[in-house]
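Here the structure is laid out as structure tokens; the discussion comes afterwards.
Read the figures in this text as sums done on the coordinates, not as results from a lab. Owing to the predicted nature of the structure, the values given are computational and were not obtained by experimental measurement. Glycine gets a Cβ as well: all are built from the backbone with ideal geometry, and neighbour counts include every protein chain shown.
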């Protein structure tokens, strides 16, 4: 039950009638107006800007937005669930609903449970959400956690809203960095055989995590690889090291409750191991469309660019799709540019039937956005939509002081170290309490505080408090049926206190929040909602400490207690639903 969408539909029908009557211009875009909560709850339950949005389309002589608002208000006032209508300012319409509306919201929550607010199955096709995609050269650092949590929560959110979402990880296993990894692992292999390798040379990976790879290779091959030339041992070391790093990355992600359905290999795209060269296929597909040509790029203005070479080269016409300059596809040594590989990879997504694509990248890839969106548009004839979400940096703190070093990796704090110290729930919730494109300070000391200043504790404690209140209710009234569906028969008209109505208004906003968050690809909105709902619940619970008459459980009034426990149950169900989308647990109790 989405109260806001319901009234949006009703207003749209009223506007259509006015179009038919000749009061408004035809071909009216009915997606331009909104029905939303007023900024000030004192102004009512709903507010709409419809009269002002369509002021220019009004055909009646002498009509104004405010006069049009008065006309719409007259129609809205006849709706059976509207208590009062007010026109404010230049033409805002504020609506006060009858209490029965919120009683029905509660009943809907109690019947639908944690699926309240979920969208119907969409016919828009599946969504591909690619996230993390860290280079398989070592353990994931804490900065990776933000993109990992964001992408996973977004996939949860899309699925809750009715979309089929596929979680995908792109393994960058074809670049020079994996050869460096192989050489680093080979050094540890020699060390495992008893050789004194001395300090790790500059340019190789120094972390202790590669010792296990070297020991495994020593057990598998013995000394046989040590005397072989590099071209013979490098592929073996690269395969063993990459597989080991991906196993470690999967394990680290599992600690955050993240699992990908698809792992795509860059190396497989290039045909480096004898397979089909998908990169060449993608380039030729774009050439056939007229988007690839041989030409020269002008020198860049301002700062030098890694893309620019003063030579004839193979270029993609990305400027035809809004990019600043056409982009090279083949390097001077004959190898493919990273961009060419990414084009081929995204072509595989489109070929697999995905026309809605979401890539979650680090903020340092911001300059890459336009060209990748241009490539997807060209590959799909503008049918596919690529949304790239950039995640800003995470600054790791402890009690306000920066944390920089890690024993495990040698030069950065690993994701697993943070998860092991503070728990997956804290990492996930805090990472989602800021919008993805805003920098984030993550304080290891503060995220485990049991105080209202710690958002994850505050929200989880609200859910635990719900469960505690229900246990108190069962103790006071052993015959109460506390199943959510049973509460739907409670006398909800008894919920007349301002705090109770405030909670019901908040619960009514959940479907709207979920829908908007899914459409905008912004899971942080769900985290904000959960925190706001928890705040309202705690506030009302605290009022009951001062005023006994407001307590949820009144031993002298079973009927009122049952109605209030129905409200408490609804709060718990919505909190659990929001936490589930975020990938955070909803505890039964906290100590």
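The angle between the Cα long axis of helix 498-508 and the longest principal axis of the Cα atoms of the chain comes to about 50 degrees, rounded to the nearest 10. Counting every other Cβ atom within 10 Å of each residue's Cβ, 524, 144 order from fewest to most as 524, 144. Restricted to Cα atoms, the range 67-195 shows a radius of gyration and a Dmax of 27.8, 89 angstrom. With respect to the chain, whose longest principal axis is taken over its alpha-carbon atoms, helix 230-255 is tilted by about 20°. Cβ-Cβ distance of residue 401 and residue 365, R₀ of 22 Å, FRET efficiency by 1/(1 + (r/R0)^6): the value works out to about 0.15. The calculated FRET efficiency for residue 261 paired with residue 70, based on their beta-carbon distance and R0 = 51 Å, is about 0.40. Counted by neighbouring Cβ atoms within 10 Å, the residues 137, 314 run from fewest to most as 314, 137.
Pairs of Cα atoms nearer than 8 Å and 6+ residues apart set the relative contact order; for the range 262-361 it is 23 percent. Using a cutoff of 8 angstrom between alpha carbon atoms and counting only pairs six or more residues apart, the relative contact order for the range 451-582 works out to 40 percent. Put a dot 7 Å past the Cα of residue 42, heading toward its Cβ, do the same for residue 309, and the two dots end up 6.8 nm apart. Taking Cα atoms only, the orientation of helix 65-77 departs from the longest principal axis of the chain by about 70 degrees.
Spatial offset of the range 195-233 relative to the range 42-99 amounts to 74 Å, using the alpha carbon center of each.
Label positions at residue 501 and residue 483, each projected 7 Å from the Cα along the C-beta direction, are separated by 3.4 nm. For the pair residue 6 and residue 230, the difference between a 0.36 nm per residue extended length and the Cα-Cα distance amounts to 73.8 nm.
Evaluate E = 1/(1 + (r/R0)^6) for residue 32 and residue 319, where r is the Cβ-Cβ distance and R0 equals 35 Å; express this FRET efficiency to the nearest 0.05. Efficiency for this residue pair is about 0.65.
Computed over the alpha-carbon atoms, the range 451-582 gives an Rg to Rh ratio of 0.98, Rh here being the Kirkwood radius from the mean inverse distance. Compared with the rule-of-thumb size 2.2 N^0.38 Å for a compact globular protein, the range 3-97 has a Cα radius of gyration ratio of 1.00. Quote the Stokes-Einstein diffusion coefficient, in whole µm² s⁻¹, for the chain, based on the Kirkwood radius over alpha carbon pairs, a temperature of 37 °C and a viscosity of 0.692 mPa s. Roughly 118 µm²/s, to the nearest whole number. Here the sum of -39500 (n - 2.57) over DSSP H runs of 4 or more residues, divided by the residues of the chain, equals -15000 deg cm²/dmol at 222 nm, to the nearest 500.
Extending 7 Å from Cα along the Cβ direction at residue 549 and again at residue 288 yields two label points whose distance is 7.9 nm.
Relative contact order for the chain: 16 percent, from Cα pairs under 8 Å spaced at least 6 residues apart, divided by residue count. Stokes-Einstein, applied to the Kirkwood radius of the range 518-590 over Cα pairs at a viscosity of 0.692 mPa s and 37 °C, places its translational diffusion at 237 µm² s⁻¹. Highest-first packing order for the peptide set 413-422, 115-124, 151-160 is 151-160, 413-422, 115-124, based on the mean count of other beta carbon atoms within 10 Å. Per-residue Cβ neighbour counts within 10 Å put 270, 348 in the sequence 348, 270, beginning with the fewest. Summary of the geometry: the range 258-285 and the range 133-186, compared by the centres of their Cα atoms, lie 16 Å apart.
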